[in-house]
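The values are calculated or read from the model by the stated rules, or taken from the named source; none is laboratory data. These numbers come from a predicted model, not from an experiment. Please note: Cβ atoms are built from the backbone with ideal geometry, for glycine as well, and neighbour counts cover all protein chains shown.
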Amino acid sequence: MSPAKKRTSARDKMRDQFMVADEPYYVAVEDEVALFEEAAGQQFPVLLKGPTGSGKTRFVAYMAWKLGRPLVTVACHEDLSAADLVGRYLFREGETQWVDGPLSTAVKLGGICYLDEVVEARNDSLVVIHPLADDRRILPVEKRNELLKAPDDFMLVVSYNPAYQSIMKDLKQSTRQRFLGLSFDYPPREIETEVVAHETGLDTETASRLVRIGARVRKLKSHGLEEGVSTRLLVYAGRLMASGLSAEVACRAAIVEPLSDDPDLQRSMAEVIRDFF
């Protein structure tokens, strides 16, 4: 096999590792699917905004499957460096070898690079995405003195939760204004009930009760609750119930305890749960 064919074969094998094999369950709320498809077609990067557990990550996986593109996901954190994203030299098997980071990997594969909770990363590490997120579509790899040109299928997607923004944790305008924006929120009651029923196997009536609990608990944000209950936590509660646990035990473990340590707020949430179960 020629060197060129070997490189193609290795790329195809790696590409397969990052493909979303099975269709993720996702119910469109508005026109986010059409907008994302258009952004992908015009090679625009996309910024997803919304609360924890509102479906941002599931949406990206669904779109990667729908578009037939590899998906490389990065869970951002405060220690994330540019080298973590681009790559670095490592000593392996008795020699120094270059190892691509997730950003370089996605560029080379022509896939979607998803930076989850991007505001958690240091601003100096995010500068590396700027030339990828404008019309240059290049990734400088300084340690190798290379410029990677992103293929047409490459797409950059980032997400964050606006509720957790602060002066110290916010996207700079120089970063934000490179992206199209899509806002996510908890879905309308009918769609959220459909999602909870599908993900848990519960009947529609029981799923509806969980969704109504979620709606009531979210109103406690005006009484000191930092974040409303996510659809994800409602699904957790439903799965515990489907396994045979009582509604009270399941909802306390999946809703009350994760959301707050405050005894008054916990009592308020427990009362909401008792109203429905």
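Condition test on Leu220, is it outside the structural domain of Val27 (by TED's automatic domain parsing) and part of a loop (DSSP other than H, G, I, E, B)? So Leu220 fails the test.
Say we look at the range 225-273 and pick out the residues that are in contact with a Leu (Cβ under 9 Å, 6 or more places away or on another chain) and β-branched (Val, Ile, Thr); which of these is surrounded by the fewest Cβ atoms within 10 Å (Cβ to Cβ)? Only one residue tops the list, namely Val249. Among the candidates Glu271, Glu227, the residue that is touching a residue at least 60 places away in the same chain (Cβ under 8 Å) and more than 21 Å from Ala197 (Cβ to Cβ) is uniquely Glu227. Checking Arg88 against (1) surrounded by 17 or more Cβ atoms within 10 Å (Cβ to Cβ); (2) closer than 22 Å to Val141 by Cα; (3) of a type in the set (Lys, Arg), which single condition isn't satisfied? Looking at each condition in turn, Arg88 falls short on (1). Annotation note: of Ala83, Ala75, the sole residue that is out of contact with any strand residue (DSSP E or B) (no Cβ under 9 Å at 6 or more places or on another chain) and surrounded by fewer than 18 Cβ atoms within 10 Å (Cβ to Cβ) is Ala83.
To keep it simple, each residue is scored yes or no on (1) aromatic (Phe, Trp, Tyr); (2) under 11 Å from the mean Cα position of the chain (by Cα); (3) over 18 Å from Ile112 (Cβ atoms).
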{"site": "Lys13", "(1), (2), (3)": "no, no, yes"}
{"site": "Val20", "(1), (2), (3)": "no, no, no"}
{"site": "Pro24", "(1), (2), (3)": "no, no, no"}
{"site": "Val29", "(1), (2), (3)": "no, no, yes"}
{"site": "Pro45", "(1), (2), (3)": "no, no, no"}
{"site": "Gly53", "(1), (2), (3)": "no, yes, yes"}
{"site": "Arg58", "(1), (2), (3)": "no, yes, no"}
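Within the range 230-267, the set of residues being polar (S, T, N, Q), under 20 Å from Glu199 (Cα atoms) and assigned to a helix (DSSP H, G or I) comprises Thr231 only. Note on the range 126-167: residues that are closer than 17 Å to Thr105 by Cα and among the small types (Gly, Ala, Ser) amount to 2. A count restricted to the range 101-126 and to residues that are modelled with pLDDT under 95 and among the polar types (S, T, N, Q) stands at 2.
The sole residue among Leu115, Leu147 that is surrounded by fewer than 15 Cβ atoms within 10 Å (Cβ to Cβ), assigned to a strand (DSSP E or B) and in the same structural domain as Val33 (by TED's automatic domain parsing) is Leu147. Has the range 83-98 got any residue that is assigned to a loop (DSSP other than H, G, I, E, B), out of contact with any helix residue (DSSP H, G or I) (no Cβ under 9 Å at 6 or more places or on another chain), at pLDDT below 90 and not aromatic (Phe, Trp, Tyr)? Yes, because at least one residue in the range 83-98 is assigned to a loop (DSSP other than H, G, I, E, B), out of contact with any helix residue (DSSP H, G or I) (no Cβ under 9 Å at 6 or more places or on another chain), at pLDDT below 90 and not aromatic (Phe, Trp, Tyr).
Checking each residue in the range 195-224 for being out of contact with any helix residue (DSSP H, G or I) (no Cβ under 8 Å at 6 or more places or on another chain) and in contact (Cβ under 8 Å) with a residue 60 or more places away in the chain picks out only His198. When Gly94 is tested against the conditions (1) on the phi > 0 side of the Ramachandran plot; (2) buried (at least 19 other Cβ atoms within 10 Å of the Cβ), the lone failure is (2). Considering Glu38, Glu30, Glu23, the condition of being modelled with pLDDT of 95 or more and under 27 Å from Pro162 (Cβ atoms) is satisfied by Glu38 alone.
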